[in-house]
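Single-structure report; data block below.
The values are calculated or read from the model by the stated rules, or taken from the named source; none is laboratory data. Here the structure is a predicted model, which is why all the values come from computation and not from measurement. Every residue, glycine among them, receives a Cβ derived from its backbone with ideal geometry; neighbour counts consider all protein chains shown.
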Amino acid sequence: MRVLKAWQNAAPERRLRIVRLGVVFGWWENSNYTRLYYALKKRRFAYIGRKTTVKGSNYVKDVIRSLYL
């Protein structure tokens, strides 16, 4: 973290953003999100944990757009 702060402080016009995303999905993603979709569609999804837990996901274009604001 010190390296990142030093990089930012070296030039005041620099902008540092640390982004920690959970699930990112998009066109041709074919990974966890796609498997979840098909499992739900086939009614083969077992939810583990509390039912009150809220899950979040991000669309890849929205992530990129938010980084350029």
Study note, to complete from the structure: Residues in the range 12-46 that are surrounded by 10 or more Cβ atoms within 10 Å (Cβ to Cβ) and touching a strand residue (DSSP E or B) at 6+ places or on another chain (Cβ under 7 Å) total 7
Review point. Which ones in the range 1-28 are within 20 Å of Leu67 (Cα to Cα) and charged (D, E, K, R)?
Key: Lys5, Glu13, Arg14, Arg15, Arg17, Arg20
Check your understanding: Within the range 47-69, restricting attention to residues that are closer than 30 Å to Arg15 by Cβ and among the β-branched types (Val, Ile, Thr), which residue is surrounded by the fewest Cβ atoms within 10 Å (Cβ to Cβ)?
Key -> Val54
**Study point:** Pair list, Cβ < 8 Å and 6+ apart or interchain, from the range 3-23 residues that are farther than 16 Å from Val63 by Cα to residues that are at pLDDT 85 or above and of a type in the set (S, T, N, Q)
**Key:** Arg14/Gln8; Arg15/Gln8
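One line per residue, one yes/no per condition, for (1) of a type in the set (Lys, Arg); (2) within 30 Å of Leu16 (Cα to Cα):
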{"residue": "Glu29", "(1), (2)": "no, yes"}
{"residue": "Asn32", "(1), (2)": "no, yes"}
{"residue": "Arg35", "(1), (2)": "yes, no"}
{"residue": "Leu40", "(1), (2)": "no, no"}
{"residue": "Arg43", "(1), (2)": "yes, no"}
{"residue": "Thr53", "(1), (2)": "no, no"}
{"residue": "Lys61", "(1), (2)": "yes, yes"}
{"residue": "Arg65", "(1), (2)": "yes, yes"}
{"residue": "Tyr68", "(1), (2)": "no, yes"}
